1. Which numbered condition in (1) within 20 Å of B:Met403 (Cβ to Cβ); (2) buried (at least 24 other Cβ atoms within 10 Å of the Cβ) is the only one that B:Arg377 fails?
2. Any chance you could count how many residues in the range B:399-417 are without any contact (Cβ under 8 Å) to a residue 12 or more places away in the chain and either within 14 Å of chain A (Cβ to nearest Cβ) or of a type in the set (Asp, Glu) (or both)?
3. Quick check on the range A:114-167: of everything there that is within 14 Å of another protein chain (Cβ to nearest Cβ) and at positive phi, which residue is surrounded by the most Cβ atoms within 10 Å (Cβ to Cβ)?
4. Please specify each residue of the range A:199-241 satisfying the condition of being in a loop (DSSP other than H, G, I, E, B) and within 17 Å of the chain's Cα centre (by Cα).
5. Would it be correct to say that A:Val68 is touching a Pro at 6+ places or on another chain (Cβ under 8 Å), surrounded by 18 or more Cβ atoms within 10 Å (Cβ to Cβ) and not charged (D, E, K, R)?
6. Would you confirm whether or not the range B:25-40 contains a residue that is within 24 Å of the chain's Cα centre (by Cα), over 28 Å from B:Ser152 (Cβ atoms), in a helix (DSSP H, G or I) and modelled with pLDDT of 85 or more?
7. Name the single residue, out of those in the range A:178-198 being within 17 Å of A:Glu152 (Cα to Cα) and either assigned to a loop (DSSP other than H, G, I, E, B) or not assigned by TED's automatic domain parsing to the domain that holds A:Leu25 (or both), that is nearest to the chain's Cα centre (by Cα).
8. Just to check your reading of the model, which residue among B:Phe123, B:Phe128 is in contact with a helix residue (DSSP H, G or I) (Cβ under 6 Å, 6 or more places away or on another chain) and either closer than 20 Å to B:Glu103 by Cβ or in the same structural domain as B:Thr99 (by TED's automatic domain parsing) (or both)?
Amino acid sequence: MKHAVEMTGVVKRYGDFEAVRGVDLRIPTGTTYGLLGPNGAGKTTSIRMILGIIEPSAGEIRVLGEPVSREVLDHVGYLPEERGVYKKMTVRRLLSFLAELKGVAPRQSAPWIDRWLARFEMAEWRDSRLEELSKGMQQKIQFISTVLHDPELVILDEPFSGLDPINQRVLREIIGILKKEGKTILFSTHIIEHAERICDHVCIIARGRLLVDGTVQQVKTDHGERFVSIATADGSDAGAVLRASAAVAAVRDPSGPGEAGRGLHHATLGPGADPNDLLRELVDKGVPLRRFELVEPTLEQVFIDRVGEDPVQDERLQEREVAHV
Amino acid sequence: MSRIWPVIKREFTEMVRTKAYIFGTLLGPVLIAGMIAVPLLFLHAGGGGERHVRILDATGTGVGQEIAAALSATSAGDAAAGDLGDSRFVAEPVPVTGTGDAERRAAREEVVRERSSLDGFLFLAPDFMETGHAAYEGRNATSMTQMGQIRSIVTQAVRARRLNEAGVDPRVLAQVLQPIRIDTRKPGAEDETGAEAESAVLIGMLMAMAVYFAVVLFAASVMRGVLEEKRDRIVEVLLSSVTARQFISGKVMGIGAASLIQMFVWVGFAAAALSFGPDIARSAGLAAPDLPRVPAQVAVVFLFFFATGFLLYAAMFGAAGAIATTDQEANQLQFPVTIPLLIGFFMMYTLIADAESGTAVAGSLIPFTAPVVLPMRSMMTDVPTWQYIVAVLLMLVTVWALMIAAAKIYRIGVLSTGKKPTLKELGRWLRTA
């Protein structure tokens, strides 16, 4: 099975409003895949469709190579953005119940529960009610419930929201363990640095559409603006040479304190342009170079460039999404 | 089914672990036993149920003697004596000369004295035969049955005398004064004691109350559970494992099973108490309580309508829980949902007045009131078979339709947070889900 999740032409309509507008998405098996997008982009709607919680209006979704069914979802673990626990249940009974819902008999899950609790140093809380636990401990129980049934695909919706630094580290450890075991992880976030640190594949969706997808490197090279940062040795102005070059799409004038008059330039490369051609051109034209540096865009830059900033629109979308779900 | 099973199991075990459930299950039998035992205890604590009455007769006619004899002759089980329970009168005639003031004072003092065996006294003034005015003072002066008894015996005695004095033949007199007795029984009952019809009403009322409170408590706990899962954001994880319909069905079944078990415990205990209660009382040397027979068909009707009534209200409460977003909203919704059941509960009084009235029949056919009305009515009167059939069919169809509608509302409502939907939005949920 090449793809853990395949979405083909998936649309979700609520009345005349389209929350997801024809998304095609392939999540390669064994990858840690970041689903990026602003609030209200359609991330949670997409995840809920993958999990069969809501039905797509059109299109096809396959999970672990099969159409979405309760059987296939037994091999999926899910940590929703809004998450809670039965406060009156004991830790062991809750975990056993959630595992049983995934088709793992209580007898089978009992040693797994003990092992996970021991791993998080929570073994002595086994028979405590959830309401007796701190919020941080309850979150650990939620992590355990997500992975307890040994899923092939783990879906984490904004997993870091509401976590203290200690639990953020715990969650990163869990993700590390899952990666090592070759599990596929789908991870949605609007905090781009989390994705850049953890994911090897990403996609960006906004306003119900898929804008970009690929490996982190691909996304940066294909969709980010590449800059060349140049400094002349004698502080002379190379702006005219740069502007004349076919490889350069735009030249930003020196900015920032102390840059002006010191021969500093930022040139944006044109699509598909080779920075080596530009270097050769500059040398040929006798520009005395002190520095020639190719600057990779951060994922955040790509994100901002592609998504743009349209908070009013986003808020409206989010509101409608919530009202319609 | 394999998906629903863990849900049923969880709902059931979490429910039976609650203190309220354990308390409720045990409380039923305690109440049933109490209702049988307490009157017995009171009876025996009250000095064997004898009421000592002194008749102070200042008339000089000896009518006091006759009244005392008639009063002492009445006892429990004497139909003409009315419903005195197990108590009976011991009357002592005391002829008085003069105004009788001293005797009255003495009797009054004796009545109020602690541990006195005298319960009260009847004073017949010298002109009593003319005025027909007697006075009773006593600890039991507020007992309607006992006063009614005394009044009727005094009236009879005086009338007999007056007719005698007017020259009526004593044989005619005996005929005229022959006590009238009316037996009450509901159709199909075997014996002809009035007690049966009355206690049938009592049992019917108890069944109506049991259904009302159990349905309200258990069905409302479906609402609380749904709201908890929605408010505490548990439901999304659950719905990634089971469908909304499977989940809500499992929830209703789990809680329903717990409530049904509680009801079985109550019914079982009541049946045992009704069958063995009199024997146990007799073997303990107590008078056997007068208990009605509950036909097996009534028990079946009761359990069927309890179970389906629970399903019906659980569906509505489940939807209400999915619509509400806060505890306050849930509380506001709880009352309108219970109104039909409450109406059924108050139909009890219509039923007591006339179990065959149009309102009573309608109440036992309409699925929203039938769970309370029909079991009670089946205890009080012979419900025609067609009414049972219609009631059962209507009930099943309504439960089925409401379950489908509730599942639709649940599916959408449970994931929508923010604000409560408007009626228009609810309509759209029902159409689109």
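The values are calculated or read from the model by the stated rules, or taken from the named source; none is laboratory data. Predicted model, so just to flag it, every value in this text is computed and none were measured. Backbone-built Cβ (ideal geometry, glycine too); neighbour counts: all protein chains shown.
1. (1)
2. Of the residues in that region, 1 qualify.
3. So the residue we want is A:Glu158.
4. A:Cys199, A:Asp200, A:Arg207, A:Gly208, A:Gly224
5. So A:Val68 fails the test.
6. yes
7. So the residue we want is A:Lys183.
8. None of the others qualify; the one that does is B:Phe123.
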